[in-house]
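Below you'll find the structure, written out as structure tokens, and then a few comments.
The values are calculated or read from the model by the stated rules, or taken from the named source; none is laboratory data. Here the structure is a predicted model, which means the values were calculated and not measured. Positions of Cβ are generated from backbone atoms using ideal geometry, with glycine treated the same way; all protein chains shown enter the neighbour counts. With ligands, DNA and RNA removed, areas are computed over all heavy atoms of the protein, side chains included. Shrake-Rupley method; radii C 1.70, N 1.55, O 1.52, S 1.80 Å.
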Amino acid sequence: MGLVFITSLPSLRLGFVRYKRVHGSRYGRYRTCGDKHGDDRRSYILCKLLSYTLEFSADEKTIEQAVDAQMKNLEAQLARQGLSLDMYCGFMNTTVEVLRQDARPSAESALRCEAAVAKIVELEKLEATQEEIAQALAVICRQNNMPLEMLKPHIDEEFTSAIKRSVLMG
């Protein structure tokens, strides 16, 4: 991943004030919304806001991996609806290459936000609690309709590390 520099906490506050001044009423609506979509939107807004205070660069390989991940997510969403990526491209009158190009800015933004949160986790020395890890495992089990006992054989150091990152980044 590229280098991340938090310019300063005051610049984050200044960015927040500027954002609120420009988007005040919209921010207020999302801030008071208590549902999951409101939480996702607030996280998105705060991440975008934070990214304004960062200097970030990612190499081409990292960006391509992020685009690949977005394309795999799209393919999975389409598969749940009984469609393939080729079928989708035919319906949308586009190509996979154009979809990849369209996904690039979003992938770069996601990398930027991920790097910002990772830097905050590092600077603040944040750690996931055992309770948060257990809750994340419960969600995985629920989403995959499996008991924890079936998941336990697959829990290794790499898996645990990914869960901790997910908890801290989420």
(request) Might you let me know whether segment 97-113 holds any residue that is open to solvent by 40 Å² or more (accessible area, probe 1.4 Å) and more than 19 Å from LEU74 (Cβ to Cβ)? (result) yes
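So that you can scan it fast, the table gives a plain yes or no per residue for (1) on the phi < 0 side of the Ramachandran plot; (2) in contact with a helix residue (DSSP H, G or I) (Cβ under 9 Å, 6 or more places away or on another chain); (3) among the aromatic types (Phe, Trp, Tyr); (4) in a helix (DSSP H, G or I):
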position: ALA58; (1), (2), (3), (4): yes, yes, no, no
position: ALA116; (1), (2), (3), (4): yes, yes, no, yes
position: SER161; (1), (2), (3), (4): yes, no, no, yes
position: VAL167; (1), (2), (3), (4): yes, yes, no, yes
(message) Is it the case, given these coordinates, that ALA136 is touching a Lys or Arg at 6+ places or on another chain (Cβ under 9 Å), at negative phi and assigned to a helix (DSSP H, G or I)?
(response) yes
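Taking the residues in segment 118-132 that are outside any helix (DSSP H, G or I) and of a type in the set (D, E, K, R) as candidates, determine which candidate is surrounded by the fewest Cβ atoms within 10 Å (Cβ to Cβ).
Looking at the filtered set, the residue picked out is LYS125.
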(request) Identify, from the list MET150, MET146, MET87, the residue that is assigned to a loop (DSSP other than H, G, I, E, B) and over 29 Å from PHE56 (Cβ atoms). (result) MET146
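Could we say that VAL139 is free of Cβ contacts under 8 Å to residues at least 24 places away in the same chain, closer than 22 Å to THR160 by Cα and open to solvent by 50 Å² or more (accessible area, probe 1.4 Å) here?
For VAL139, the condition - free of Cβ contacts under 8 Å to residues at least 24 places away in the same chain, closer than 22 Å to THR160 by Cα and open to solvent by 50 Å² or more (accessible area, probe 1.4 Å) - is met.
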(message) For segment 153-170: of the residues being surrounded by 10 or more Cβ atoms within 10 Å (Cβ to Cβ) and charged (D, E, K, R), which is nearest to THR53 (Cα to Cα)?
(response) ARG165
